[in-house]
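First up is the structure itself, then whatever we jot down about it.
The values are calculated or read from the model by the stated rules, or taken from the named source; none is laboratory data. All values reported here derive from a predicted model rather than from experimental measurement. Here the Cβ positions follow ideal geometry from the backbone for every residue, glycine too, while neighbour counts run over all protein chains shown.
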Amino acid sequence: MPQTIIDLLNKGREANTADKFRRGNLIHLPTESNLIITGDLHGHRRNFERTVTFADLADNPDRHIIFQEIIHGGPEDSKGGCMSYTLLFDVIRYKLKFPEQVHIIMGNHDTAFINNSEVMKDGKEMNRAMCSAIKRQYKEAGDEIILAIRQNLFCQPLAVKCENRIWISHSLPADRLVNKFDPKIMDRPLKVNDVVKPGSAYLLTWGRKMSQSLLDKMAEMFDVDIFILGHQPQEQGWSQAGRNLIIIASNHNHGYMLEIDLAKSYTIEQLIEALVPMASLP
Ligand SMILES: [Mn+2]
């Protein structure tokens with residue numbers, strides 16, 4: 001059983017790296033596609049299942065799905081340990097079933113898990129909570145599984161760029177740190193330092209409350225028009241947080257996802273109309 005999980009994590013890592021749409025740390029999706037974008041999942045299995053059913057990837061070979069921030073949150077074991085790694089395993093299984101259609105991008109909880117730095121959520125330090133649950137379940141194999149999870153998360157791409165000038169990443173650098181962000185991070189292999197503050201993968205996944213001038217600057221840097229991000233909690237499931245930014249969240253019962261046609265260009269208003277309340281899905 002532990003070896004099966006380690007094999008799964010290693011195969012998932014290889015699938016992230018071998019994704020045929022990946023160049024460097026960026027996924028470039030083709031025009032003739034339909035794309036489903038989900039926000040933070042944080043262990044919310046029901047919304048993952050709703051997305052899988054809605055997407056029906058087997059019958060929609062041109063459809064892609066983006067997942068992010070899968071770990072930290074959701075069910076706990078009897079001692080309060082975080083069981084969200086079970087959802088991560090299932091998302092990886094899904095990626096392996098549809099390796100060119102499912103894309104998992106890096107979130108800040110991933111960077112924190114990779115370098116074992118503290119990350120709080122609802123008053124709890126989540127890395128300790130997840131590692132202790134893994135060790136309780138897998139006993140002496142726990143450490144090896146934790147290492148395989150770190151290696152898997154480290155091989156995730158950082159962002160998705162679409163031909164219709166839409167960019168999807170977990171977040172963007174914060175205003176006060178953006179001068180430390182190096183866009184060449186998209187083109188070269190990641191080093192562990194990149195996911196530690198103030199490394200550029202760290203900065204890309206941790207920023208909050210970006211100003212409009214920062215959004216405009218980043219749009220020019222990445223040569224895109226509109227950002228779809230996660231990371232910042234959304235009680236209503238989504239918000240427009242700038243002239244060219246929509247934030248979505250998929251980690252609760254009022255969560256949203258977005259479904260778009262990459263052959264079309266969108267205004268921000270048209271994107272807002274394309275938002276799908278996950279509670280409306282079977
Ligand atoms: Mn986040």
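Filtered by the rule that a residue be in a loop (DSSP other than H, G, I, E, B), within 15 Å of the ligand (Cβ to nearest atom) and surrounded by 22 or more Cβ atoms within 10 Å (Cβ to Cβ), the range 235-267 gives SER250, ASN251, GLY255.
Take the residues of the range 205-224 that are among the small types (Gly, Ala, Ser) and assigned to a helix (DSSP H, G or I): which is nearest to the ligand (Cβ to nearest atom)? Write out each step before concluding.
Just the residues of the range 205-224 that are among the small types (Gly, Ala, Ser), to begin with: 207, 211, 213, 219.
Checking which are assigned to a helix (DSSP H, G or I) leaves us with 213, 219.
Numbers: SER213: 23, ALA219: 21 Å.
Ranking the candidates gives ALA219 first.
A quick yes/no check of all residues on (1) touching a strand residue (DSSP E or B) at 6+ places or on another chain (Cβ under 7 Å); (2) under 30 Å from THR31 (Cα atoms); (3) within 16 Å of the ligand (Cβ to nearest atom):
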position	(1), (2), (3)
MET120	no, no, yes
ALA148	no, no, no
LEU158	yes, yes, yes
LEU177	no, no, yes
ILE185	no, yes, no
LYS191	no, no, no
ASP194	no, no, no
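One line per residue, one yes/no per condition, for (1) touching a residue at least 12 places away in the same chain (Cβ under 8 Å); (2) under 15 Å from TYR85 (Cβ atoms):
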site: ALA133; (1), (2): yes, yes
site: TYR138; (1), (2): yes, yes
site: LEU147; (1), (2): no, yes
site: LEU153; (1), (2): yes, yes
site: PRO173; (1), (2): yes, no
site: ASP182; (1), (2): yes, no
site: ASN193; (1), (2): no, no
site: VAL196; (1), (2): yes, no
site: ALA201; (1), (2): yes, no
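So, in the range 30-52, of the ones that are charged (D, E, K, R) and away from the ligand (no atom under 16 Å from the Cβ), which residue ends up surrounded by the most Cβ atoms within 10 Å (Cβ to Cβ)?
Here is the first cut: in the range 30-52, the ones charged (D, E, K, R) are 32, 40, 45-46, 49-50.
Checking which are away from the ligand (no atom under 16 Å from the Cβ) leaves us with 32, 45-46, 49-50.
Working: GLU32: 10, ARG45: 16, ARG46: 14, GLU49: 14, ARG50: 21.
Out of the qualifying residues, it is ARG50.
The condition of being loosely packed, with under 14 Cβ neighbours inside 10 Å and at pLDDT 95 or above holds for only one of PRO75, PRO99, PRO61, that being PRO61. Here LEU96 fits the description: more than 16 Å from the ligand (Cβ to nearest atom), farther than 20 Å from GLY230 by Cβ and touching a Gly at 6+ places or on another chain (Cβ under 7 Å). Checking THR86, THR17 one by one, the residue that is under 28 Å from CYS162 (Cβ atoms) and assigned to a helix (DSSP H, G or I) is THR17 and no other.
Hey, does the range 53-70 have a residue that's closer than 28 Å to GLN137 by Cα, more than 14 Å from the ligand (Cβ to nearest atom) and within 19 Å of the chain's Cα centre (by Cα)?
Step one: list which residues in the range 53-70 are closer than 28 Å to GLN137 by Cα, which gives 67-70.
Subset that is more than 14 Å from the ligand (Cβ to nearest atom): none.
Within the range 53-70, not a single residue is closer than 28 Å to GLN137 by Cα, more than 14 Å from the ligand (Cβ to nearest atom) and within 19 Å of the chain's Cα centre (by Cα).
Among the residues making up the range 106-117, a single one is farther than 17 Å from PRO157 by Cα and either within 14 Å of the ligand (Cβ to nearest atom) or assigned to a helix (DSSP H, G or I) (or both): SER117.
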